[in-house]
1. Counting residues that are of a type in the set (Asp, Glu), which strands (runs of 3 or more DSSP E) fully inside the stretch 91-167 reach at least 2?
2. Going by what's in this entry, would ILE120 be described as crowded, with 23+ Cβ neighbours inside 10 Å, of a type in the set (A, V, I, L, M, F, W, C) and either touching a residue at least 24 places away in the same chain (Cβ under 8 Å) or over 27 Å from MET1 (Cβ atoms) (or both)?
3. Go through the residues of the stretch 83-104 one by one and say whether even a single one is touching a Gly at 6+ places or on another chain (Cβ under 8 Å) and within 19 Å of VAL137 (Cα to Cα).
4. Out of THR150, THR87, THR111, which single residue is β-branched (Val, Ile, Thr) and surrounded by fewer than 14 Cβ atoms within 10 Å (Cβ to Cβ)?
5. For residues in the stretch 1-36 being of a type in the set (A, V, I, L, M) and more than 18 Å from the chain's Cα centre (by Cα), which is nearest to ALA59 (Cα to Cα)?
6. Does GLY86 meet the test of being in a loop (DSSP other than H, G, I, E, B), of a type outside the set (Asp, Glu), at positive phi and in contact with a strand residue (DSSP E or B) (Cβ under 7 Å, 6 or more places away or on another chain)?
7. Small (Gly, Ala, Ser), closer than 20 Å to THR44 by Cα and within 17 Å of the chain's Cα centre (by Cα): which single residue out of ALA95, ALA69, ALA119 fits that description?
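The values are calculated or read from the model by the stated rules, or taken from the named source; none is laboratory data. The structure presented is a predicted model; accordingly, all values stated were derived computationally and were not measured. Note: ideal-geometry Cβ built from the backbone for every residue, glycine included; neighbour counts use all protein chains shown.
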Amino acid sequence: MLASGRTSDFYLDCKQTALSAEGAYLIGKLVFEHVRELRKKGVTIDGVGGLTLGADPIAVATALTSQAAGEPVQAFIIRKEPKGHGTGAWMEGSAMLPEGSKVLIVEDVVTTGGSSRKAIERAVFSGLAPMALVCLVDREEGGRAALADTGLPMTSIFTRSDFFAEP
């Protein structure tokens with residue numbers, strides 16, 4: 001069962017990879033390289049994050065990698081529900097990302113694009129300016145097309161085709 005409510009004949013557990021030491025290191029390098037490519041094209045990226053829980057280890061790995069490279073990009077987390085106490089905020093990490101900060105939305109797996117769309121909408125609601133989207137895996141089930149109207153360029157590090165041959 002996927003987050004979209006659909007069932008699938010395969011499951012890619014990116015969280016297990018992203019939470020391993022080696023996986024976090026490699027993901028941080030790959031996503032930070034994407035940040036660097038965007039910056040070379042003149043796209044400012046101040047922060048990286050997305051909807052909890054899939055985006056959390058990706059954002060933190062990228063932030064650590066960027067700091068080690070001397071080109072810091074801040075991590076943030078978007079909650080699935082607003083905080084039930086205190087400020088009632090949708091986002092954690094806002095202290096390092098003032099209103100108008102330009103961000104990269106990250107996602108572990110994109111299927112229908114629903115979680116990515118929520119992350120984009122909530123980032124905007126929280127005062128951030130999403131500039132692009134990167135996912136670890138595009139399941140190639142319509143998510144890219146469904147997100148086209150956001151106007152954000154989407155990059156996938158891997159696609160379903162990288163793992164499974166089509167019948």
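1. Per the criteria, 102-110.
2. So ILE120 passes the test.
3. Among the residues of the stretch 83-104, at least one is touching a Gly at 6+ places or on another chain (Cβ under 8 Å) and within 19 Å of VAL137 (Cα to Cα), which makes the answer yes.
4. Details: THR150 fails: surrounded by fewer than 14 Cβ atoms within 10 Å (Cβ to Cβ); THR111 fails: surrounded by fewer than 14 Cβ atoms within 10 Å (Cβ to Cβ).
Residue meeting the stated conditions: THR87.
5. Pass one, the stretch 1-36, residues of a type in the set (A, V, I, L, M): 1-3, 12, 18-19, 21, 24, 26-27, 30-31, 35.
Checking which are more than 18 Å from the chain's Cα centre (by Cα) leaves us with 1, 21.
Details: MET1: 25, ALA21: 14 Å.
Only one residue tops the list, namely ALA21.
6. Numbers: in a loop (DSSP other than H, G, I, E, B): yes; of a type outside the set (Asp, Glu): yes; at positive phi: yes; in contact with a strand residue (DSSP E or B) (Cβ under 7 Å, 6 or more places away or on another chain): no.
It is false that GLY86 is in a loop (DSSP other than H, G, I, E, B), of a type outside the set (Asp, Glu), at positive phi and in contact with a strand residue (DSSP E or B) (Cβ under 7 Å, 6 or more places away or on another chain).
7. On the way: ALA95 fails: within 17 Å of the chain's Cα centre (by Cα); ALA69 fails: within 17 Å of the chain's Cα centre (by Cα).
Answer to the check: ALA119.
Yes or no, residue by residue, for (1) touching a Phe, Trp or Tyr at 6+ places or on another chain (Cβ under 7 Å); (2) modelled with pLDDT under 95; (3) of a type in the set (D, E, K, R):
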| position | (1), (2), (3) |
| --- | --- |
| GLY86 | no, yes, no |
| ALA95 | no, yes, no |
| GLU99 | no, no, yes |
| LYS102 | no, no, yes |
| ILE105 | no, no, no |
| THR112 | no, yes, no |
| ALA119 | no, no, no |
| ALA129 | no, no, no |
